[in-house]
1. Only one of GLY120, GLY83, GLY103 is farther than 28 Å from LEU263 by Cα, small (Gly, Ala, Ser) and in contact (Cβ under 8 Å) with a residue 40 or more places away in the chain; which?
2. Given the options ALA259, ALA308, ALA315, ALA243, name the one that is within 30 Å of LEU355 (Cβ to Cβ), in contact (Cβ under 8 Å) with a residue 60 or more places away in the chain and open to solvent by less than 30 Å² (accessible area, probe 1.4 Å).
3. So which pairs qualify, if the first residue must be in the range 383-399 and free of Cβ contacts under 8 Å to residues at least 60 places away in the same chain, the second must be open to solvent by less than 10 Å² (accessible area, probe 1.4 Å) and of a type in the set (Phe, Trp, Tyr), the Cβ gap must be under 9 Å, and the two must be at least 6 apart or on different chains?
4. Restricted to the range 72-89, and to residues that are touching a helix residue (DSSP H, G or I) at 6+ places or on another chain (Cβ under 8 Å) and open to solvent by 10 Å² or more (accessible area, probe 1.4 Å), which residue is modelled with the lowest pLDDT?
5. Picking from HIS552, HIS519, which residue would you name as being open to solvent by 60 Å² or more (accessible area, probe 1.4 Å) and modelled with pLDDT of 95 or more?
6. Could you please find all residues in the range 262-285 being in a helix (DSSP H, G or I) and free of Cβ contacts under 8 Å to residues at least 12 places away in the same chain?
7. All but one of (1) assigned to a helix (DSSP H, G or I); (2) over 23 Å from ASP425 (Cα atoms) hold for ALA231; state the number of the condition that does not hold.
8. Among (1) open to solvent by 10 Å² or more (accessible area, probe 1.4 Å); (2) under 20 Å from SER437 (Cα atoms), there is one condition ILE46 misses while meeting the rest; what is its number?
Amino acid sequence: MSETAATSGAASDAAATVQKLTTGTLVAAIGAVFVAQIGLSIPAVINGFINQDLGTTSTQLTWVSDAFLVPVTLFELSFGVVGDLFGRKRLLSIGSALMIIGGIIGFLTPSGGVGMLLTGQVIAGIGAAAIFPTSVAMLAAGTHTVGERAHAISIWAAALTAGGFMSPLIGGVLARIHHSGGDYASWRYAFLAMAALATISTIVTLVAAQNSSSPQGRSLDWPGQVTVAIALFALLYGVIQGAEDGWGSGKVIGSFVVAVVFLVAFVLVERRVDKPLIQLELFSNRMFTVSAIVTVLGMFAYLGTAYATSIRLSAIQDYSPLKTSVGFVLLNVMGVVLFPVSTRMLVRYNPGWVLAAGMGLIGVGDIALSAIPATHLSIAAVAVPLLVVGAGFKTAVTAITVVAVNSVPTAKAGMASGATSMLRDFGLTLGPAIVGSIALTNAANAINAKIAASPTLQKGLDAFYAAPAHVPPAQRAAVEGAVGAVKSGPLGQNAVPAQVPGPNGTMQPFNPLKDVAFHALSHAYGIGYLVCGIAALTAALIAAVMLGGRKHTQTFVENAEMAKTH
């Protein structure tokens, strides 16, 4: 996901200790990044089962994805330095071990234990934050020509692509095998599979990998790391919780204030330290700033699309994890198809135009998805737009680093690529947060408006809330759980069935909000797709106007050979 975050530090290894890339190191690096990408993608196909089993609120379901992504965004640059200072083999094995712990915690999560699942996701995310930059730095440390390094990175990128492609299938198949009747607990086996794969990765790293480090001139920017971590977490907390707590609540407003204060503190710190986390002078370069904006917008659009698709298929349309995985195969398969030609496109065409084309494809796919309501229950209804978005993502993400690196002098290429990695992951983290917040706020408002306008609906809802007092004790806990789900928000209101079997075997009314919630969520996540489409098309326009006119120099060609990313 973030191979360039560590390239700057690794590039100096040739001057320090010349070592050749061993097969064991290559296998350890690609195995670790394969597992990390699986961990990142796992929630996509099991969100519906998690919602049903744990009774999550709508915002808690958003946190299930972002609890993994936030640590990756916040810590990957610092972990790149940690590996340089203390040894990459050790850090890679620690990252895999943390993913084992996170996976086991996810597997052992009890019903109602959403806090435990989020804890596991945070731990696994910290592990992935260590793996992404360290795995690439280990490859770079053992390769000393453009051809060798490009070959190693291309294998690494293939493993990354395979992880994103296989994760939905692994989660879907395991949930299907262990699912029976109305038991939604089978989602846990996806986390157990992640832990098992991480165990293999840890063993391979400890037994076969070659250690490397590059401590010369490297140091940790603790003040910068702390201030940016607090700022970004506070920003994301406010965005996600606004849909549930209200945008005018003290917690949400306070989180935005904290984000601004610590972002200002981060800028002040970075201007004063000798070795900053990010060289802010990069942003004085107009072309780099433009590429940064395009990166954040485009990556937000892509993962926002993936998150909206996950919720649409698994939580709104109630697809099984296996059937949901078909949607994500469609979203990821173009990465596999286009992988052999992605770098050649950068060699043949101006990377600015390639980036604009990729963003444009994402935007077109999203606009199409926004026009297809969830009442179209077949996966075929969204198949072509998902393929288009996937093709756009692969095209764009391959060009992002090349465009950023070629916008600055060669001496700053390493820092530019590292900053681009952080910006890319920040955009990915924003996707679920913003799309979830917009969609859930819109759906809740629509449902509340329907209730306020219909006395009959309000009467039926009052009777539903009073139902636990009028059922036999043996059924009370189940009915109380259903009432709690409906009170949790739009996704819970859609998850509880409109009818249940009555005492005589006939169906009787149960949840009066089911149909209202279904249509409200369908419309709301359609808006989410539309927001993603607008963001991607804006990024495409900016890239075409500001980057597409740049002269296609030999520098672009040379850097394209080094940019076999994702």
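The values are calculated or read from the model by the stated rules, or taken from the named source; none is laboratory data. Being a predicted model, the structure only gives us computed values, none of them experimental. Using ideal geometry, Cβ is built from the backbone for each residue, glycine included, and neighbour counts are taken over all protein chains shown. Heavy atoms of the whole protein, side chains included, go into the accessibility calculation; ligands, DNA and RNA do not. Shrake-Rupley method; radii C 1.70, N 1.55, O 1.52, S 1.80 Å.
1. Testing whether each residue is farther than 28 Å from LEU263 by Cα, small (Gly, Ala, Ser) and in contact (Cβ under 8 Å) with a residue 40 or more places away in the chain leaves just GLY103.
2. ALA308
3. Partner pairs satisfying both residue conditions: PRO385/TYR529.
4. The selected residue is LEU77.
5. That would be HIS519, the only listed residue that is open to solvent by 60 Å² or more (accessible area, probe 1.4 Å) and modelled with pLDDT of 95 or more.
6. The answer is VAL264, LEU268, GLU281, PHE283, SER284.
7. ALA231 satisfies all of (1) assigned to a helix (DSSP H, G or I); (2) over 23 Å from ASP425 (Cα atoms) except (2).
8. Against the list (1) open to solvent by 10 Å² or more (accessible area, probe 1.4 Å); (2) under 20 Å from SER437 (Cα atoms), ILE46 comes up short only on (1).
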